[in-house]
1. What ranking of S121, S350 comes out by heavy-atom accessible area, probe 1.4 Å, highest first?
2. Excluding ligands and nucleic acids, what accessible area in Å² is computed for Y339 using a 1.4 Å probe, to the nearest 10?
3. Which of the lysines could be linked to K220 by a straight reach, that is with a Cα gap under 21 Å, when you skip same-chain ones fewer than 8 residues away?
4. Consider all pairwise Cα distances in the chain and report the whole-number % of them above 41 Å.
5. Going from most exposed to least, what order do M293, M387 have by accessible area with a 1.4 Å probe?
6. With just the Cα atoms defining each centre, how far is the range 91-112 from the range 43-90? Give it in Å.
7. With a 1.4 Å probe and all protein chains left in place, how much accessible area per residue does the chain have, in Å²?
8. Relative to 2.2 N^0.38 Å, what does the C-alpha radius of gyration of the range 54-121 come to as a ratio? Two decimals please.
Amino acid sequence: MAGVAGRLARNWCRSAVLSPLQVFSFPSLQLHLSGTAMRASQDDFENAMNQVKLLKKDPGNEVKLKLYALYKQATEGPCNMPKPGVFDFINKAKWDAWNALGSLPKETARQNYVDLVSSLSSSSESSSQGKPGADREQQEYENLVVTSEDGITKIMFNRPTRKNAISTQMYQEIMLALKAASKDDSTITVVTGNGDYYSSGNDLANFTDIPPGGVEEKAKQSAIMLRDFVDTFIDFPKPLIAVVNGPAVGISVTTLGLFDAVYASDKATFHTPFSHLGLSPEGCASYTFPKIMGPAKATEMLIFGKKLTAREACAQGLVTEVFPDSTFQKEVWTRLKAYSKLPQNSMRISKQVIRKIEKEKLHAVNAEESSVLQKRWLSDECMNATMNFLSKRSKL
Ligand SMILES: CCCCC/C=C/C(=O)SCCNC(=O)CCNC(=O)[C@H](O)C(C)(C)COP(=O)(O)OP(=O)(O)OC[C@H]1O[C@@H](n2cnc3c(N)ncnc32)[C@H](O)[C@@H]1OP(=O)(O)O
């Protein structure tokens, strides 16, 4: 039945314009019940048909079949259609459901239909308010897995075979996911990586996709995207926590200065090889890193490209706490679940108070860094470094 149910769902939804819920709309079928005694029941029935279209949650194929059968029974009476062939799975499933109602009176079928829709509407309402503890996967992304559970929205980079390098599309998806998380009912938001890397930073292949306006236009578009991307972190209103599961490179390191807490596995490293790539700092690191670790340590990272271990990054204040990799996930998530139960408004307001005075400065730094990078991307130093990586002549 599972196979038939799957095909049934696909078949009913295949006509692209129909969402799984719209399969219940039967606009072409009119009711021909008459007489004042039946009036109220007919109204209820019509209301129920409209309600079905508004259900927020797909009720599943079994319920869809039941609704179909009750609808047919209520409008046409007992099933008198010839039985479909054994390989006509979908129509046979529908026929079986209708036929199983036998000689159920039309009025009873109508009432049962109304009752069933009413029970679906109330359960759909309560589930849309979010079941505590339920892991609800949200909007589909190509390069992210976003879930909400226990008051925590988790945004996970999901390009493990590219070490979670951030492609142009992925920048857009991260911005969308953060904007959605800023408005959802979770109390905290977590960013992490799937696989052995947190992220290897900007996908160096981004620079090979040159628009008709040429490399200058590409640099301009990239600077706009970078600025928007970093602004999204600066403006994020709730506690934002990085769970750094492995090495982090480039922009995935610099943006950590805009998070409210950074938990790292002892396998994580922190590397900003901007000079090696002919680049300059972004993600507001030119401002946040000297503030966090002092100008001399920031210089070692941002200008000389010194790679820090997780413990070094913790000693310098970039990382909040380091955990052994073997217990990292368990320990961090236990702690985050406890934090997520703290009063939501209080946490938001505290973040606002802590960050407010810096916001304007951070936006100005972001604008400046993006504009400097726009020129750097056009430099020979940067173009050569990128080409060397892409032609496999260099690695960090
Ligand atoms: C538009 C806004 C821009 C904002 C400015 C941002 C700046 C930055 O983020 S600068 C930092 C850029 N990142 C890098 O320079 C890292 C480049 N990658 C590497 O050096 C290495 O891949 C590594 C050290 C991260 C990992 O080395 P290894 O463990 O040996 O793994 P592989 O090199 O075999 O990686 C597997 C696969 O993934 C590809 N890949 C990894 N990182 C990137 C990347 N950042 N960009 C593009 N591609 C990446 C790598 O090439 C491998 O591909 P295949 O050889 O095709 O399997």
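1. If we order S121, S350 from most to least accessible, we get S350, S121.
2. Surface accessible to solvent at Y339 totals approximately 90 Å².
3. K375
4. 36
5. If we order M293, M387 from most to least accessible, we get M387, M293.
6. So the separation of the two Cα centres works out to 8 Å.
7. Heavy-atom SASA per residue in the chain reads 51 Å².
8. 1.13
The values are calculated or read from the model by the stated rules, or taken from the named source; none is laboratory data. Here the structure is a predicted model, which is why all the values come from computation and not from measurement. To get the accessible areas, we keep the full protein, side chains included, count just its heavy atoms, and leave off ligands, DNA and RNA. Shrake-Rupley method; radii C 1.70, N 1.55, O 1.52, S 1.80 Å.
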